[in-house]
Amino acid sequence: MRDGRRVRFGYTPEELAALCEQSGLAVESTDMITGLVCQGIDHVFGTVRRWINRDVAWAVSFPLRVVQGLDKPLTRLTGWPAFSVAIVAKKPSLSVVSQRA
């Protein structure tokens, strides 16, 4: 059942970066993903799937994906909260680790 009870606010990008660094990972980049447009498309998909079925939901939501390129600009413009945080972090190479020691 999707009623929102299982959803909670998670880590901020800064908190995730700190956790990565504490674990010995070097953070290369962070970004917020799944903004206003993508959440809207997902909402259309979920609503149609609940009322009809998955195949119809896919057919209805697929044409909307053409506007996904507007997700970041519209999310920034409106201040809409992003749904997910993406982070890229790498384990340092052995040569970098040995230089630290």
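A few comments on the model shown:
- Cβ-Cβ under 9 Å pairs, at least 6 apart or on other chains, segment 65-88 side modelled with pLDDT of 90 or more, far side in a loop (DSSP other than H, G, I, E, B) and among the aromatic types (Phe, Trp, Tyr): Leu74/Trp80
- Members of segment 33-78 that are outside any helix (DSSP H, G or I) and within 17 Å of the chain's Cα centre (by Cα): Ile33, Thr34, Gly35
- Among the criteria (1) modelled with pLDDT of 90 or more; (2) crowded, with 16+ Cβ neighbours inside 10 Å; (3) not in a strand (DSSP E or B), the one Val27 does not fulfil is (3).
- Filter result for Phe62 (of a type in the set (Phe, Trp, Tyr), surrounded by 13 or more Cβ atoms within 10 Å (Cβ to Cβ) and modelled with pLDDT of 90 or more): no
The values are calculated or read from the model by the stated rules, or taken from the named source; none is laboratory data. Since we're looking at a predicted model, the values are computed, not measured. Glycine also receives a Cβ, built like all others from the backbone with ideal geometry; neighbour counts cover every protein chain displayed.
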